[in-house]
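Report on the following structure.
The values are calculated or read from the model by the stated rules, or taken from the named source; none is laboratory data. Since the model is a prediction, treat every value here as computed from it, not as a measurement. Heads up, the Cβs are rebuilt from the backbone with ideal geometry, glycines too, and the neighbour counts pull from every protein chain shown.
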Amino acid sequence: MAVLPIRKYGDPILRQKTTPQNTFDEKLREQAEAMIDTMQAESGIGLAANQAGFTNALCVVDIGLIKDGAKPQAFVNPLILEESGELTTMEEGCLSIPDVSDNVQRRERIKLKFQDLEGAEHVQEFNSTFARVLQHEVDHLSGIFFIDRLSPLRRRMHNKKLKELADQTLAELRKLK
């Protein structure tokens, strides 16, 4: 089991847009496995590559937390083609922003284009919690946090905690240099 450190709010990699994955090899499969191990060790439901310090467009979702008996799944180069259904509000949190959560509006259904770990392309529709988690992770791959989707008033309520976390993260990054 390979558990990777989770990058925290304030780490510049989290604001960078990830790059498309063009090579589908053992290294990619090992990365996905390590991300799944990390997500599960941290009790997360999803994890984007940049949260684990990688720059490629890959995210993993623990579908077993949504659908009994399902195994975690990797989504390579995910692209939301369509959002539909009602806007629903649900509380979201993030492994990269510990101790911060808030209600976020997202569409109920999405159509997602992605590749699996072998490079095969898929177009699939997702709904409910699964759609929400994928929207959250695809946002991460574009350098977007759930807090960016909050109203200015709601976001200001978290500013103190976010500043503290960013300052702590930047201090830790300076120590590593």
Any idea which of Ile13, Ile66 is modelled with pLDDT under 95, out of contact with any Pro (no Cβ under 9 Å at 6 or more places or on another chain) and of a type in the set (A, V, I, L, M, F, W, C)?
Ile66
Residue count, region 1-37, condition among the hydroxyl-bearing types (Ser, Thr, Tyr) and in contact with a helix residue (DSSP H, G or I) (Cβ under 6 Å, 6 or more places away or on another chain), comes to 2
Test Arg106 against the stated conditions and say whether it is within 23 Å of Leu81 (Cα to Cα), part of a strand (DSSP E or B), of a type outside the set (A, V, I, L, M, F, W, C) and under 15 Å from the mean Cα position of the chain (by Cα).
yes
When every residue in region 55-109 that is touching a Cys at 6+ places or on another chain (Cβ under 9 Å) and small (Gly, Ala, Ser) is compared, the one farthest from Ile36 (Cα to Cα) is Ser101
Consider Leu95 carefully, then state whether it is touching a residue at least 40 places away in the same chain (Cβ under 8 Å) and under 28 Å from His158 (Cα atoms).
yes
Which members of region 16-58 meet the condition of being surrounded by 14 or more Cβ atoms within 10 Å (Cβ to Cβ), part of a helix (DSSP H, G or I) and not polar (S, T, N, Q)?
Leu28, Ala32, Glu33, Ala34, Met35, Ile36, Asp37, Met39, Ala49, Ala52
Looking only at region 95-121, and only at residues there that are of a type in the set (Asp, Glu) and surrounded by 14 or more Cβ atoms within 10 Å (Cβ to Cβ), the one that is farthest from Arg29 (Cα to Cα)
Asp102
Restricting region 122-132 to residues that are part of a strand (DSSP E or B) and either out of contact with any strand residue (DSSP E or B) (no Cβ under 9 Å at 6 or more places or on another chain) or touching a residue at least 24 places away in the same chain (Cβ under 8 Å) (or both), the one surrounded by the fewest Cβ atoms within 10 Å (Cβ to Cβ) turns out to be Val123
Could you list, ordered by first residue, the pairs with Cβ atoms under 7 Å in which the first is in region 138-149 and closer than 10 Å to Ala57 by Cβ and the second is at pLDDT below 95 and assigned to a helix (DSSP H, G or I), at least 6 apart or interchain?
none
If we scan region 1-13, do we find a residue that is over 12 Å from the mean Cα position of the chain (by Cα), basic (Lys, Arg) and surrounded by fewer than 20 Cβ atoms within 10 Å (Cβ to Cβ)?
no
Restricted to region 13-27, and to residues that are hydroxyl-bearing (Ser, Thr, Tyr) and in contact with a Ser or Thr (Cβ under 9 Å, 6 or more places away or on another chain), which residue is farthest from Ile97 (Cα to Cα)?
Thr19
Could you list, in sequence order, all residues of region 158-177 that are exposed (fewer than 13 other Cβ atoms within 10 Å of the Cβ) and among the hydrophobic types (A, V, I, L, M, F, W, C)?
Ala171, Leu176
In region 61-72, how many residues are in contact (Cβ under 8 Å) with a residue 40 or more places away in the chain and touching a strand residue (DSSP E or B) at 6+ places or on another chain (Cβ under 9 Å)?
2
